[in-house]
1. What are the residues whose amide H is under 5 Å from the amide H of T125, where those residues sit 5 or more places off or on another chain and H is modelled from the backbone?
2. From largest accessible area down, sort S41, S108, S81; use a 1.4 Å probe on the protein chains.
Amino acid sequence: MIKSIRYFLLMQCMVWVGMVMAAHKHNPKGTAAWCGSEVPSMTWESQLQRIIQHQKSLPGNKQQSATYNIPVVVHVVYYNSAQNISAAQVQSQITVLNNDFAGTGLNSNTIPAPFAPLLANTNITF
């Protein structure tokens, strides 16, 4: 169950990155189409494609343990400066996310017994 949730969240992140990249491609000026963030570089994309091709080429399509680092863009939307949050708050939440994906999150020791064997380090960092 936990692996399914993590897989779902990973797919959501990939979809979001794809939408950002698609928006960038449709902008004739070549800048970010609808936000001020930068699109992940082509180097990042080529590394991701190499990892995917390597995984497909393994005998029996067995997956090896590898660490995946997913670039994250955070948009803080606020109406006035009192509602703004600090970069430290954003980083603390990314740390919480990384701990959860590493299987060491805050509630990792309270998982019900039937689900405890599913707790794992996904080797995914943000």
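1. So T125 has HN proximity to Y68, N69, I70.
2. Largest accessible area first, the list is S81, S41, S108.
The values are calculated or read from the model by the stated rules, or taken from the named source; none is laboratory data. Worth saying up front: this structure is predicted, and the values here are computed from it rather than measured. We work out accessible area using only protein heavy atoms, side chains counted, and drop any ligands, DNA or RNA first. Shrake-Rupley method; radii C 1.70, N 1.55, O 1.52, S 1.80 Å.
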